[in-house]
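One structure below.
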Amino acid sequence: MQLNYIANTSVASSSGLTLPVIDPSDGQPFDAIQRSNAADIDSAVLAARQCLEGPWARINAAERGRLLMKLSAAVTAHAAELALLEQRDCGKPTKQAQADATALARYFEYYAGACDKLHGDTLPYLDGYSVLTWREPHGVTGHIVPWNYPMQIFGRSVGGALAAGNTCVVKPAEDACLSLIRVAQLAAEVGFPPGAINIVTGYGHEVGDALARHPGIDHISFTGSPSVGTLIQQVAAERHCPVTLELGGKSPQIVFADADLDAVIPTVINAIVQNAGQTCSAGSRLLVEDAIYEPLLARLGKAFEALRVGPATLDLDVGPLIRASQKIRVEGFLADAAAAGIGTVAQGRIVDEAPASGFYQAPTLLRDVPVDHRIAQEEVFGPVLAAMRFHGEDEAVALANATQFGLVAGVWTRDGSRQLRMAKRVRSGQVFINNYGAGGGVELPFGGVKSSGYGREKGFEALYGFTTLKTVAIRHG
Ligand code: NAD
């Protein structure tokens with residue numbers, strides 16, 4: 001049984017209720033989390049406030065950095081344990097779960113080094129004045145985390161917030177709590193004061209909503225669906241609480257005829273099957289210049305047919321989806337595509353060892369998807385790649401920008417001038433040229449435009465979002 005973690009103490013919810021923890025690989029419950037309520041959020045926010053105004057206020061930037069570095073080391077020392085927790089909780093194949101634990105340690109390491117490099121400025125102004133700016137923490141920050149990359153999103157969000165001097169109340173997704181509760185315990189063990197990191201589990205519409213509405217929360221960092229992002233914005237607007245929103249995407253991989261297809265093929269496949277396609281930055285649309293459309297689809301089709309799907313511990317190309325409702329959702333998209341006459345080029349195979357009660361979905365490559373079909377417009381959040389053809393740069397740009405989203409784009413061409421033209425014309429928060437994701441670097445600011453959200457996480461840039469700027473003007477004559 002998992003408990004909330006508030007003020008460095010494991011506590012049951014005052015609701016007396018729990019939720020089952022389901023293993024996506026076999027669909028069976030194996031643990032339970034607290035189904036918390038608004039009173040639990042009150043306790044967590046109070047603990048975070050007392051920490052902010054008490055011990056946390058006395059810990060200077062360099063000391064915060066040392067604490068974060070110790071936490072990074074603790075995560076590294078417990079990486080195997082954390083990866084196993086997340087693997088069972090989220091159905092992640094072994095290498096992916098291990099990579100996520102490594103990334104978590106790296107986020108804490110990166111933000112450890114940044115703590116004492118975040119500073120304000122001095123500004124030239126009128127004679128007789130000195131003007132300076134201070135970067136101050138918001139205060140108590142709320143973090144609503146999704147289930148697809150709990151450790152990575154916790155690392156970038158909580159790591160940045162702590163580095164900037166905030167304290168944190170975290171609401172993990174109801175499907176993915178185990179690793180984050182353990183990380184909060186590790187933080188206590190390395191010396192984070194009670195209340196610096198608090199974890200409260202439960203349903204989004206109950207405890208997530210209570211967190212977003214709480215008057216003691218000074219900033220909200222939300223990663224999840226556009227519809228919940230809208231709710232968060234509305235709730236936060238009532239008390240003018242700043243928010244950072246990361247709401248996913250429908251990201252294009254744009255392949256011109258002069259591209260190096262040997263590099264394109266494995267990258268395009270990884271970008272849609274990684275984490276079973278449940279990645280906000282998944283490359284879920286494949287835009288191909290017509291001269292190479294058929295040959296590229298033929299090669300990709302062969303590669304899709306070779307993909308194997310199975311239980312997380314088998315560490316195949318693809319693990320299960322997170323839960324039964326997500327599988328139903330993905331199947332619904334595929335059924336709509338079939339009903340619209342959209343052709344399937346190829347599918348991967350679910351291995352015989354996969355229990356029928358698990359949430360498996362074969363990776364699927366679709367061809368000639370009309371730009372206005374929902375499979376070309378909406379986030380499927382499954383291993384489904386929608387291919388379309390284009391003729392020339394203008395049509396490539398028009399297709400790339402023809403969704404409500406704008407998170408990430410990949411451009412594949414050897415033409416240097418075209419690389420830069422495309423990078424300028426595509427509307428998204430990140431553009432990758434002849435690669436996709438650049439290895440996920442924690443240093444690289446990440447976030448969207450349009451319905452992909454706003455604000456930036458990752459990199460040094462995130463620290464500006466986790467602070468507020470105070471201008472101090474001194475008239476000294
Ligand atoms: P979601 O937006 O419902 O959940 C994300 C987080 O928000 C979870 O912690 C959830 O408990 C919480 N939440 C839900 N309702 C809330 C509310 N009313 N107030 C406050 N918090 C609330 O996403 P989901 O149901 O887990 O997934 C649905 C879809 O969202 C996916 O299919 C995918 O398209 C998208 N998604 C995107 C990302 C991303 O990284 N951008 C991550 C997860 C899901």
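Here are the numbers for this structure:
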| quantity | calculated |
| --- | --- |
| Trypsin sites (Lys or Arg not before Pro) lying in DSSP loop within the range 410-442, provided at most 12 other Cβ fall within 10 Å | R414 |
| For the range 266-276, Karplus couplings with θ = phi - 60° (6.51, -1.76, 1.60), whole Hz, Gly/Pro x | x, 6, 4, 5, 4, 5, 10, 9, 4, 6, 6 |
| For the range 26-95, convex hull of alpha carbons as volume per residue, Å³ | 125 |
| Cα long-axis angle, helix 94-114 against the chain (0 to 90 degrees, to the nearest 10) | 40 |
| 10 Å binning of all Cα-Cα separations within the range 209-280, expressed as whole percents from 0 upward | 17, 33, 20, 18, 11, 2 |
| Acute angle (nearest 10 degrees) that the helix 79-90 long axis makes with the longest principal axis of the chain, alpha-carbon atoms | 60 |
| Per residue, the convex hull volume that the Cα atoms of the range 297-338 enclose (Å³) | 78 |
| Exposure of F192 as accessible area (Å², to 10), given a probe of 1.4 Å and all protein chains | 10 |
| 0 to 90° range, to nearest 10: angle between helix 290-305 axis and the chain longest Cα axis | 80 |
| Student exercise, the range 164-296 dipole from Lys, Arg, Asp, Glu Cβ charges, in Debye to nearest 20 | 600 |
| Two-decimal log10 I(q)/I(0) for the range 225-355, as the Debye equation yields it once each C-alpha is a single scatterer, q = 0.09, 0.14, 0.16 Å⁻¹ | -0.37, -0.80, -0.97 |
| Label-point separation, R329 to E305 (7 Å along Cα→Cβ), nm | 3.2 |
| The chain - charge dipole about Cα centre, Lys and Arg +1 at Cβ, Asp and Glu -1, debye rounded to 20 | 760 |
| Listed pairs K171/K458; K424/K470; K70/K117 exceeding 23 Å between Cα atoms | K424/K470 |
| Counting all C-alpha pairs of the range 368-477, share separated by more than 20 Å (%) | 52 |
| Cα-centred dipole magnitude for the range 365-441, charges only on beta-carbon of K, R (+1) and D, E (-1), debye, nearest 20 | 260 |
| Rg ratio (alpha-carbon, reference 2.2 N^0.38 Å) - the chain | 1.00 |
| Under-5 Å amide H pairs with V21, H placed in peptide plane, nonlocal only | F30, D31, A32, I33 |
| Cα centroid separation, the range 165-215 to the range 396-450 (Å) | 33 |
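The values are calculated or read from the model by the stated rules, or taken from the named source; none is laboratory data. Quick caveat: nothing in here was measured; it's all calculated off a predicted structure. All Cβ positions, even for glycine, are placed from backbone atoms using ideal geometry, and neighbour counts span all protein chains on display. These accessible areas exclude ligands, DNA and RNA; they are computed on the full protein's heavy atoms, side chains included. Shrake-Rupley method; radii C 1.70, N 1.55, O 1.52, S 1.80 Å.
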